[in-house]
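S.K.: Below is the structure I would like to discuss, written out as structure tokens.
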Amino acid sequence: KKLKPEFMDRRRFDVNVFLGRLPIRITRTGVPELTFPATTPDSSAPALIENHLVWLDVRYGAHEREKHLPGAMGDVVLTGLNPQQMAQLVLTQYLHIGENTRFGHGRFRIAQLGADPFGWKRSVSLRELALDPRHVDPAVAQFELDAGTASQLVQAIRMGSYQPQPCTRISVTTGDRDRTLAIPCREDRVLQRAVHTFLAPVLDRVLEAGSLAYRRGKHREHAARQIQRAASDGFAWGLKTDFADFFDSVDHEQLKRRLRAYLADPALEGLIMGWVRSGSPEPHRGLPTGAVVSPLLANLFLDEFDETVAASGARLLRYADDFILLFRDRSQADAMLTIAREAAAQLKLKLNAEKTRVLDLTEPFQFLGYQFTCDESWSESPTGEVRPIHEIGWCNVADLPPGPVGLTRLPGETDEINTSQRSLALIGPDGDWLDVRNGVLRRKKRGDTESQPLVPVERIDHLFVVGFPSLNRHLLRHLAQTDTPLLLASDNGLDEVWVTSRAIEDARVVRAQFSCFENNAWRLEIARALIAAKIDNYASLAAATSFITDGQLVSEQIRAYCESASQADRIEQLTGYEGQAANLWYSALAGTRIGRFEFPGRRAPRAHDPLNILLNIGFTALHNWTAHFLRVHGFAPAAGIMHEHRSGHAALASDLMEPLRHLVDAVVLDCSDDLSTKDFQYDQDGPFPTTIRFPALKRFRAALWTRLLTFHHPPRRTAAIPYLKSLERQVITLRRHLLDRNAPFVPFRQLPEADDDPDGDEEVAT
């Protein structure tokens, strides 16, 4: 009887088929077989009592020559064997049975007989190999641990005295529920990294091709391309879902069974399970979400699920606990869902019913941060015209226009709409190369051979590039010729460089700047106007926002400092009043639930919480806009009025942005409902321990851009203008004031002062 290769795993083990292989192997090898008297009719039949097998599908070879060696590893307990079958078992444990015996398959051992006296034994355990210096030393450098401490830890493991330290538990809110992260101590992370470095390349060979997360050389874009390829192969339908609370639901006994089968090294298995238990949410279930080894263990645990589902004929693409099954006909959906549910149940997992849905691949859908549609790819005609073509295509969700954010109405704002066709173009961190061709901005992603058209350059007001792509000289020449500002930002959105071609200082303005700087009374006059306007504007925001219980009272308390600021007799006293007013505002917000976050109070340097991160990003953007307008109008931005000069800092921009800082606070408050903890990355190395993910950064920058383009009635003007123009207008009035002290300097105010003349000073065109 021919055996199918998948006949052995923990769900399927045919005792009679297995025993039938024994005499076949003995006959083929020419070994004389012992004979025993026939069993009596009432003898018990062979039966399976326990089955702890794990199916492995090892691959070897490369690309089109790749081959598979499937087989099972683990323990089974049989009963009811007659003497003949027992003798055959004893003999064939030395002969091996089954297929591919030349590769070492078909080996088994009867546990009651002890170790195989002829078998090869490891001279060094896997645990010792994993803790070799070539694996430990890079981990020590990565986590900046003292080398002596690492050596002591390795020695403690060898002596049996090592115990993992308890994990640090951090509670975060995801959606409508709280989730606990378990972060191992630095010493344990070093050891885990060493073991991961050793095991990952080897265990990667047993994982299914559809498993794409946490594997070197595989990433989200592989899944996107495979979906695109499957659609062209006739797979028109899909089933998209994920596992409910996967990392909290991993059964430890099943995980141990798989580790025992994969490793066959009790020492390394025990070390890994010790890390698992030290951070698991429950004693016998769950993986510590912050452990270095958890992603690898997650893939190993789900390998059985991947094999079962892939055997159904569907194409499986799984990224961690999110997966999609692709099939050809809508009628297969129910069967595929049943297969997936049963395979999950075998692992004591459940599918997330709320996220389970059937996909028609001809309709738009999202998966792993990509938007898949039938008309998102583009073709360029010989004449240079860029036009859409109808085929299954995909693009990063981060490249889609962000949804609108409802902005709080501030005093003086109008319903006028900016009708300009030019706008902000924000390019994400996955771009590797940017160019302009035939009037169209184009991007090439990592690994692509062809560039992708994005937007006509004539519609770009300014270009904001996140990440570190290469910029073609044709693009740089176009930006310079059209005076289009270029903003370069790191992935976290905080480290920004603004490039503009019109950065030519006006000698008259610069001389006037330094004359003002040397005249303390003149400096104080301008500084008082700026800070009084800033305080007054924050008072207006306090009255308008719904996040403060008694906003009107807080507004009045803040506004009381305006008079004090207007009468300050030195800049140090002025900044003291400014600080007290700011403390009132942020103290009123401290401890308040703002969207999904609790505001801890203002923390500017090395902010750890999402709200302060957003404030820092917004203030950085406002500072760059102010510095841009200062350069355009001939100022030396480094020469400040209040803020001290320091190398590389536009101190004057820090001064002039003060009256508009409240706009950033307003946008942060308005965006808070649209963001969650998943939009941020925590415990990062480097100067910024908490960083924002690009899709969220894009939504926030779009909301800030919308606010800056909102029309309002500024002081001394009858026509409404956008806030961005008010910022430039403030720069212009300072220029006029420095060149002619009789010309008034008009800092921005959300509400006009009582003596403002709405018909005066209309001429501020730029």
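S.K.: Grab the Cα-Cα distance for LYS256 and TRP433, subtract it from 0.36 nm times how many residues apart they are, and report the gain in nm with one decimal.
M.R.: Additional length available on full extension: 59.1 nm.
S.K.: Can you sort PHE597, PHE745 by how many other beta carbons sit within 10 Å, fewest first?
M.R.: PHE745, PHE597
S.K.: So which chymotrypsin sites (Phe, Trp or Tyr not before Pro) in region 45-120 pass both tests, a DSSP loop state and at most 10 other Cβ atoms within 10 Å of the Cβ?
M.R.: PHE118, TRP120
S.K.: Let me ask something else. Counting other beta carbons within 10 Å of each residue's own, what order do ASP536, ASP329 fall into, fewest first?
M.R.: Ranked by crowding around the Cβ, least crowded first: ASP329, ASP536.
S.K.: At R0 = 22 Å, how high is the FRET efficiency between GLN366 and ALA604 if r is their beta carbon distance? Nearest 0.05 is fine. Before the final figure, lay out each step's value.
M.R.: Working: r = 35 Å, r/R0 = 1.61.
According to the calculation, E is roughly 0.05.
S.K.: Now a separate question. For THR414 and ARG59, compute 0.36 nm times the residue count separating them, minus their Cα-Cα distance, and round to one decimal in nm.
M.R.: Residue separation times 0.36 nm, minus the Cα-Cα distance, leaves 121.2 nm.
S.K.: Quick check: from the Cα gyration tensor, does region 543-620 come out rounded (a/c under 1.5), prolate or oblate?
M.R.: Numbers: a/c = 2.84, a/b = 1.42, b/c = 2.01.
Taking the square roots of the gyration eigenvalues as a ≥ b ≥ c, region 543-620 is oblate.
S.K.: Determine, for ILE531, ILE732, the number of other Cβ atoms within 10 Å of each Cβ, and report the residues in order from fewest to most.
M.R.: Working: ILE531 27, ILE732 17.
Ascending number of Cβ neighbours within 10 Å: ILE732, ILE531.
S.K.: Okay, moving on. Full-extension gain between SER232 and MET159, please, as 0.36 nm times their residue separation minus the C-alpha to C-alpha distance.
M.R.: 20.5 nm
S.K.: Could you tell me the calculated FRET efficiency between PHE517 and THR168, based on Cβ-Cβ distance and R0 = 35 angstrom, to the nearest 0.05?
M.R.: 0.10
S.K.: Determine the alpha carbon to alpha carbon distance for each of LYS67/LYS355; LYS350/LYS678; LYS348/LYS698; LYS67/LYS121; LYS218/LYS348; LYS534/LYS698 and list only those over 30 Å.
M.R.: LYS67/LYS355; LYS348/LYS698
S.K.: Could you give each residue of region 545-557 its phi-based ³J(HN,Hα) in whole Hz, using Karplus coefficients 6.51, -1.76, 1.60 with θ = phi - 60°, and x for Gly or Pro?
M.R.: 7, 9, 7, 10, 4, 10, x, 5, 5, 4, 4, 5, 5
S.K.: Which ³J(HN,Hα) values in Hz, rounded to whole numbers, follow from the phi angles of region 629-645 under the Karplus curve 6.51 cos²θ - 1.76 cosθ + 1.60, where θ = phi - 60° and Gly and Pro get x?
M.R.: These are the phi-based 3J(HN,Hα) values: 5, 4, 5, 4, 9, x, 7, 9, x, 6, 8, x, 9, 9, 6, 6, 6 Hz.
S.K.: Right, next: Could you state the per residue volume, in Å³, of the convex hull enclosing the Cα atoms of region 507-739?
M.R.: 129
Every number in this text was worked out from the coordinates using simple rules, so none of it is lab data. If you're wondering where the values come from, they're calculated on a predicted model, not measured in any experiment. Note: ideal-geometry Cβ built from the backbone for every residue, glycine included; neighbour counts use all protein chains shown.
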